[in-house]
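Single-structure report; data block below.
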Amino acid sequence: MKILSLIVPAYNSEAFLEKCVSSFLAPEVLDALDIILVDDGSTDSTAAVAQNLCRRFPGSVRLIRQENRGHGGALNTGCAAAEGKYLKVIDADDWVETENLPRFVEALRNCGSDVVLTHHYTRDIGTGENKKWQTYPPEFGREYTLEEIMPLWKDFGRSLTFHGITYRTEFYRQYGISLSEHVFYEDHEYATFPCCHARSVLPLDLFLYDYRVGDVQQSVSEENQLRRLSHIETVLNRMIREYRALTCGAGGKAYAAEKIRGVLLSLLTTLLLMEPDRKRGRALAREQMARFRQEMPREAAPAVRRYRVFLLMNLAHFRRGTWERIRRSPIYRRLRHDHNFD
């Protein structure tokens, strides 16, 4: 049996795919890897690059081609095809720390946790800045429940993300949802459902994922967030619906609520600190908060406090860059008891 399925959703990724897959090719664990390349209706040479990789590494690399269904559709296809004990998604323009992959595979071989967490880096291609995103659990290498994790959210939250999570494949198939297709930002759904059902979460003191940022074409760029407001709203509304139907324990409900608030705050940041028409941004943000208070009244209080801060920043003509500088300042981190980014 393969130990780890690495699922690579790829759309027009000819410039990146070779580097991404090459980072998986640690010889000592290659036989344990199930590398699934999902060509999501690319119009460039992505399929040709992928086919060449399949020829070079038979038994480890395979290609699935489909009509375009968006990032979520590619994940749905790849996760359904996974044959490894665990599965992890790596976007085609990102890569992994090759030297750490053998240790990671060995840890997966010997554990049965529903969710495994690893640290990751962000690599800014514009500024050259690298940041570390990591967990700070009381003890690495032991399992935690979500009930234990939620009071320690600042210690765990940076790895409870798309880039930090690895799922046990059977667990994902039992509790995962079919991710929204033809929209961006559905990775929030992936990191929330099924994670909120996890009975065991294992943090490893290991950097694995390298997340490439700083590209204006990416969904997280300011221009694209403004253009794709409806995508964020679609994902937020879907997550709220899924939350209201949850039957997991208290820790899982608290986890899902925290993740949903994170998506809401991302939307509020866009509306109040990025929207050029500030009056329009305030009106749309007010509508979103009213809807959230109606749909999730008990979970709304922390978001309301941040909304008021953003509203004041909007009225003071602050932009997102100012907010990011405040968040990263030593004084703010000390007041919030936040960990460093290094």
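Before moving on, here are some points about what is shown:
- Axis of helix 301-315 versus longest Cα principal axis of the chain: the two differ by about 70°, to the nearest ten degrees.
- Karplus (6.51, -1.76, 1.60) ³J(HN,Hα), θ = phi - 60°, over the range 245-260, in Hz, Gly and Pro reported as x: 9, 5, 10, 7, x, 4, x, x, 5, 5, 4, 4, 4, 4, 5, 5
- Fraction in percent of alpha-carbon pairs per bin - 5 Å, the range 159-203: 5, 22, 33, 25, 11, 3, 1
- The range 84-120-the range 290-323 distance, computed between alpha-carbon centres (Å): 35 Å
- C-alpha long axis of helix 229-244 to longest principal axis of the chain, angle in °: 80 degrees
- Computed helical MRE - 222 nm, the chain, DSSP H runs ≥ 4 contributing -39500 (n - 2.57), nearest 500: -13000 deg cm²/dmol
- Rounded to the nearest 5, the antiparallel percentage of DSSP beta bridges internal to the range 1-156 is 20%.
- Using a Förster distance of 35 Å, the FRET efficiency for Ala80-Asp215 (Cβ separation, nearest 0.05): 0.75
- Two-site label geometry, Thr145 and Glu295: point separation in nm, points 7 Å out along Cα→Cβ: 2.9 nm
- Sulfur and carbon atoms: percent of accessible area, the chain [1.4 Å]: 50 percent
- In Å, descending, principal axis extents of the Cα set of the range 42-162: 47, 38, 30
- Computed extension gain for Arg278 through Arg306, at 0.36 nm per residue and net of the alpha carbon distance, reaches 8.4 nm.
- Computed with a 1.4 Å probe over protein heavy atoms only, the accessible surface of the chain comes to 44 Å² per residue.
- Selection from Met239, Gly281, Gly249 lying farthest towards where the dipole of the range 201-310 points positive, charges on Cβ: Gly281
- Principal-axis analysis of the Cα atoms of the chain puts helix 70-81 at an angle of about 40° to the longest axis.
- Phi-based couplings in Hz for the range 159-172 (Karplus 6.51, -1.76, 1.60; Gly and Pro marked x): 10, 8, 9, 3, 7, x, 8, 10, 9, 5, 4, 4, 5, 4
- Global geometry of the range 99-188, whether rounded, prolate or oblate, following the gyration tensor of its Cα atoms and the 1.5 cut on a/c: rounded
- One chain, two ends: Ser230 and Ala15. Fully extended at 0.36 nm per residue, the span grows by 74.5 nm beyond their Cα-Cα distance.
- Share antiparallel - DSSP beta bridges, the chain, percent rounded to 5: 30 percent
- Gain upon complete extension [Cys111, Leu152; 0.36 nm per residue less C-alpha separation]: 12.5 nm
The values are calculated or read from the model by the stated rules, or taken from the named source; none is laboratory data. Note that this is a predicted model, so its numbers are computed, not measured. In this analysis, Cβ positions are derived from the backbone assuming ideal geometry, glycine residues included, and neighbour counts consider all displayed protein chains. Please note that ligands, DNA and RNA were not included when accessible areas were found on the heavy atoms of the full protein model with its side chains. Shrake-Rupley method; radii C 1.70, N 1.55, O 1.52, S 1.80 Å.
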